[in-house]
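The values are calculated or read from the model by the stated rules, or taken from the named source; none is laboratory data. The structure presented is a predicted model; accordingly, all values stated were derived computationally and were not measured. Methodologically, a virtual Cβ is constructed for each residue, glycine included, from the backbone with ideal geometry; neighbour enumeration extends over all protein chains shown.
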């Protein structure tokens, strides 16, 4: 596996990263209101949200002076997004920032006029006409979630050459995950392993899901990213450890919570770029004409502490390509 080659091929497919407007063209004296529809609390989301705030500061926006941020968290329960989106519209936000499919679907249902910026969404074509010309009030960034599922399965095989069954921990009530499950099944066939679906819709489903994986002798678990798993990422890491099941995740936040390995886009970088979209919109750009962009920065994170607890030896080739190794 050559991480550099893989990253270059993905970056080449990107629509072209938006660049910040020069700071000598300062925002107007208007106090802008930014609504944020998030999966988790500001505390749990700190690395991403800090990057978002810093991006806005770099572009001349100062909270309490010319910008106000209205943060709303679903606290892991996607069904709350509808009410939270309505609440943001009641306080007259100028733009709504979303993360994940349920959040942007709720925002789309709530308004066709207020601009919506996706900080990350796995399948943007669910809500825009095309990546190059979104055509409505929605634009932003793709999380590239489905496209990397085969790569994560390949990493499991590299970590565990003798793997015979890979379980996918997915919330199949989220429209993002049926395509991901299809990708995992296709990847499993190529890797000559059996796929197992662990459908989780609420926190109470998580422990039984890991019990089911153990009962079927799963070799490893691939954990999908959504409100449920983000809110409960520490619990999921604990369950994986107690069941002695290696697990691979989509983003670094899961490894920071005790997970074993993560591979995917850099979410802080996506949030930083979301700030650039907001600046463009505040300066008069139409979301309909701002292309939806792909990630350009990817990261492989390995947690050696978690590996040691599982009795695993991380292959040197995997460590050599890791962007960060937690000792």
**Request:** Out of the residues in the stretch 136-148 that are over 13 Å from the mean Cα position of the chain (by Cα) and not in a strand (DSSP E or B), state the one that is modelled with the lowest pLDDT.
**Result:** 136
**Prompt:** For residues in the stretch 27-47 being more than 24 Å from the chain's Cα centre (by Cα) and loosely packed, with under 14 Cβ neighbours inside 10 Å, which is modelled with the highest pLDDT?
**Reply:** 31
**Prompt:** Quick one: residue 112 ticks every box in (1) more than 16 Å from residue 281 (Cα to Cα); (2) loosely packed, with under 15 Cβ neighbours inside 10 Å bar one, so which box is it?
**Reply:** (1)
**Message:** So, in the stretch 115-135, how many residues would count as being outside any strand (DSSP E or B), buried (at least 24 other Cβ atoms within 10 Å of the Cβ) and within 16 Å of the chain's Cα centre (by Cα)?
**Reply:** 2
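To keep it simple, each residue is scored yes or no on (1) more than 26 Å from residue 104 (Cα to Cα); (2) surrounded by 15 or more Cβ atoms within 10 Å (Cβ to Cβ); (3) modelled with pLDDT of 95 or more.
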{"site": "22", "(1), (2), (3)": "yes, no, no"}
{"site": "49", "(1), (2), (3)": "no, yes, yes"}
{"site": "60", "(1), (2), (3)": "yes, yes, yes"}
{"site": "76", "(1), (2), (3)": "no, yes, no"}
{"site": "88", "(1), (2), (3)": "no, yes, yes"}
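Yes or no, residue by residue, for (1) more than 20 Å from residue 227 (Cβ to Cβ); (2) in contact with a strand residue (DSSP E or B) (Cβ under 9 Å, 6 or more places away or on another chain):
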position	(1), (2)
86	no, no
98	no, yes
107	no, yes
115	yes, yes
139	yes, yes
**Complete:** Across (1) under 26 Å from residue 297 (Cα atoms); (2) part of a helix (DSSP H, G or I), residue 189 clears everything bar (1)
**Request:** State all residues of the stretch 217-238 that are closer than 17 Å to residue 305 by Cβ, touching a helix residue (DSSP H, G or I) at 6+ places or on another chain (Cβ under 8 Å) and surrounded by fewer than 23 Cβ atoms within 10 Å (Cβ to Cβ); if no residue qualifies, say none.
**Result:** 237
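When the residues of the stretch 149-186 are filtered to those that are part of a loop (DSSP other than H, G, I, E, B) and closer than 13 Å to residue 226 by Cβ, which remaining residue is modelled with the lowest pLDDT?
If we take residues in the stretch 149-186 being part of a loop (DSSP other than H, G, I, E, B) and closer than 13 Å to residue 226 by Cβ, then 176 is modelled with the lowest pLDDT.
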**Prompt:** Just one of 291, 287, 315 is surrounded by fewer than 19 Cβ atoms within 10 Å (Cβ to Cβ), assigned by TED's automatic domain parsing to the domain that holds residue 123 and in contact (Cβ under 8 Å) with a residue 40 or more places away in the chain; which is it?
**Reply:** 291
